[in-house]
Amino acid sequence: MRHVLSLAALVLLAGSTAASAVDGTCARDLLVAQSSQRVAIDRLDALGDSEADRCRGWRQHVDTMRRAATVYGRCLTGQERADRLAQVQSSEREFGELLRTRCRGR
């Protein structure tokens, strides 16, 4: 299952291109958001086999996707904004569902 989740997470980075910044901080924030996504994907690959490890990793992944969505919503425009938001929000929903169904109280 780990490889399927990692593959799905890699889709988030597909088509990653330099985005236009709305203000001076957006260029930096976009780079940080993209870097955080890559780290989150690497973390998914390195999750331990225990349910507690997986739940902790999934929780971190959801948090990262939420932060990235905030940046993409603020700093991108047009189709790129729509595409990036759809990607991170989809991943957030997918891993959020895993947390709800498999990580009750962990």
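Computed values, structure above
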| quantity | calculated |
| --- | --- |
| The stretch 54-99: relative contact order as a whole-number percent, Cα under 8 Å and 6+ apart | 58 |
| Point-charge dipole on Cβ atoms (K/R +1, D/E -1) for the stretch 24-106, about Cα centre, debye to 20 | 300 |
| Solvent-accessible area per residue, Å², over the stretch 62-106 with all protein chains present [probe radius 1.4 Å] | 56 |
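The values are calculated or read from the model by the stated rules, or taken from the named source; none is laboratory data. Because the structure is a prediction, the values reported are computed rather than measured. Methodologically, a virtual Cβ is constructed for each residue, glycine included, from the backbone with ideal geometry; neighbour enumeration extends over all protein chains shown. Heavy atoms of the whole protein, side chains included, go into the accessibility calculation; ligands, DNA and RNA do not. Shrake-Rupley method; radii C 1.70, N 1.55, O 1.52, S 1.80 Å.
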